[in-house]
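Novice: Below is one structure. I have some questions about it.
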Amino acid sequence: MKRKIEDILFKWNGEKKPLPFMLLGARQTGKTYILEDFCKRNFEHYVYLNFFENADFSSFFQHSLNTQHILTNIELYLGKKIDLANTVFFFDEIQECEQAIASLKFFAESPLPIKIVTAGSLLGVKLNRMTSPFPVGKVHIETLYPMDFEEFLWALDETLLASTIREHFLTNQSFPEIVHKKAMNLYKSYLCIGGMPASVKDFAEKQQDLVLADNSIKNNILTGYLADMTKYAANID
């Protein structure tokens with residue numbers, strides 16, 4: 001499913017020496033999927049490190065944040081030299097390793113042709129507890145939100161309607177009544193389904209039938225959010 005953030009990533013990749021790219025946002029908004037797809041489409045190789053799935057990856061950043069030191073550690077783990085000119089690094093769940101966050105400053109300042117994309121959730125909570133300084137001015141930061149109505153229409157293969165709505169809004173033109181009704185019905189469906197990619201994908205696969213839509217997808221996401229709150233919230237009597 002097409003997302004607007006893809007255009008921003010494409011522009012970032014075209015820069016001569018892009019800063020490390022940090023994609024923030026709530027869980028299940030599609031950060032990992034989008035960045036993995038971007039890496040696969042635009043680079044011959046990519047190195048994926050998920051600091052939540054494997055906490056041992058944090059050891060790459062122990063003792064020194066020197067760029068070459070970190071790269072050597074990663075190469076030793078992979079068992080091969082990394083072709084920097086044709087490789088992108090993807091640091092996922094970067095909020096789990098504050099040293100990896102701090103290292104982005106040195107990657108940004110390195111003369112080596114290194115491209116890094118990162119994804120993080122609940123980073124604001126982590127920043128309040130970091131002992132290392134955040135690399136201010138050394139990171140390109142974007143936030144991924146749930147799919148908006150235009151992206152929702154794209155996912156339902158209603159690209160023409162989406163572009164027409166935008167055009168008519170900008171020119172203050174009205175729709176024929178039958179088209180207006182169609183657009184309003186789709187908007188009502190969007191209000192019911194929401195913008196989480198998994199829910200939108202399920203709705204599209206269920207012939208856009210609200211009765212058949214799997215509400216457990218949203219319920220599971222909400223349960224996960226509550227679990228995160230209990231994990232990071234301070235103890236309160």
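Here, each number is a calculation from the coordinates, and none is a lab measurement. Predicted model only: the values in this text are computed from it and were never measured. Cβ sites come from the backbone with ideal geometry, for glycine too, and all protein chains shown count toward neighbours.
Novice: For region 149-228, what number results from the quotient of the Cα radius of gyration and 2.2 N^0.38 Å?
Specialist: Compactness ratio reported: 1.25.
Novice: Using alpha carbons only, what's the Rg to Rh ratio of region 54-93 with Rh from Kirkwood?
Specialist: Reported Rg/Rh, Kirkwood definition of Rh: 0.94.
Novice: Take each of the peptides 193-201, 47-55, average the number of other beta-carbon atoms within 10 Å over its residues, and list them starting from the highest.
Specialist: Descending mean neighbour count gives 193-201, 47-55.
Novice: If I take R0 = 30 Å and measure r between the Cβ atoms of residue 168 and residue 12 in this structure, what FRET efficiency does the formula 1/(1 + (r/R0)^6) give, to the nearest 0.05?
Specialist: 0.45
Novice: For residue 201, give me every one of the aspartates and glutamates with a C-alpha distance below 15 angstrom, ignoring sequence neighbours fewer than eight places off in its own chain.
Specialist: Qualifying aspartates and glutamates at Cα under 15 Å: 148, 150, 151, 157, 158, 209, 214.
Novice: Please work out the Cα convex hull volume for the chain and give it in Å³ per residue.
Specialist: 174
Novice: Normalising by the residue count of the chain, find the relative contact order in percent from Cα pairs under 8 Å and 6+ residues apart.
Specialist: 24
Novice: Return the calculated 222 nm mean residue ellipticity for the chain, to the nearest 500 deg cm²/dmol, obtained by summing -39500 (n - 2.57) across DSSP H runs with n ≥ 4 and dividing by the residue count.
Specialist: That calculation yields -14500 deg cm²/dmol at 222 nm.
Novice: Is the shape of region 103-237 rounded, prolate or oblate, going by the alpha carbon gyration tensor and its root eigenvalues a ≥ b ≥ c, with a/c under 1.5 for rounded and a/b larger than b/c for prolate? Numbers along the way, then the final one.
Specialist: Numbers: a/c = 2.80, a/b = 1.60, b/c = 1.75.
Taking the square roots of the gyration eigenvalues as a ≥ b ≥ c, region 103-237 is oblate.
Novice: What ranking do 8-16, 143-151, 174-182 get when scored by the average of other Cβ atoms within 10 Å per residue, highest first?
Specialist: 143-151, 8-16, 174-182
Novice: Please compute the alpha carbon radius of gyration of region 9-141, then divide it by the globular-protein estimate 2.2 N^0.38 Å. Two decimals is fine.
Specialist: 0.97
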